[in-house]
Amino acid sequence: MRIRYTAPTPKDLRDLKERLDFSGKQMADLFGLASAQQWHKYCGGSEPREMSLPMLFLAGALLNRSFSVEEVFDWCRAVGAQIETSEPPATPVPDGEQQP
């Protein structure tokens, strides 16, 4: 699967924190960060960090443990990320090998 990703904005992340009613420490824990100070680097300042898709996906999966992969992608989109998925081109099978 090919994935095109644009991260949520710092405002999107601040809004998520507010919706969840989490502290900075709780957000840091959710996103696998060392401290609330690290979390705040994604939410503002002169050069905010961009949230990676693996970090955002992990948070979505932890909050929604029964979700499928596509449902977690939908959650990421609801947070503010732009995600487009596409199937890779079919890989030809070399001669002599059977397909399952």
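Coordinate-derived values only; no laboratory data. The model shown is predicted, which means the values in this text are computed figures rather than measured ones. Note that we place each Cβ from the backbone using ideal geometry, even for glycine, and neighbour counts take in every protein chain shown.
Roughly how many nanometres apart are two label points built 7 Å out from the Cα toward the Cβ at Arg4 and Ser46?
3.3
With just the Cα atoms of segment 1-56, tell me how far they stretch along each of the three principal axes, in Å, largest first.
Principal extents (largest minus smallest coordinate, Cα): 34, 24, 22 Å.
With loop defined by DSSP as not H, G, I, E or B, and exposure as at most 16 other Cβ atoms within 10 Å, which is the longest segment of the chain clear of exposed GluC sites (Glu not before Pro)?
No qualifying site falls inside 1-49, the longest such stretch.
About its Cα centre, how strong a charge dipole does the chain have in debye, to the nearest 20, once Lys and Arg get +1 and Asp and Glu get -1 at the Cβ?
With Lys and Arg at +1 and Asp and Glu at -1, about 520 debye.
With angles folded into 0 to 90 degrees, how steeply does helix 69-79 sit against the dominant principal axis of the chain? Use alpha carbons for both and round to 10.
The helix 69-79 is inclined about 30 degrees to the chain.
Please state, to two decimals, what the Cα-based radius of gyration of the chain comes to when divided by 2.2 N^0.38 Å (N = residues).
For the chain, the normalised Cα radius of gyration is 1.36.
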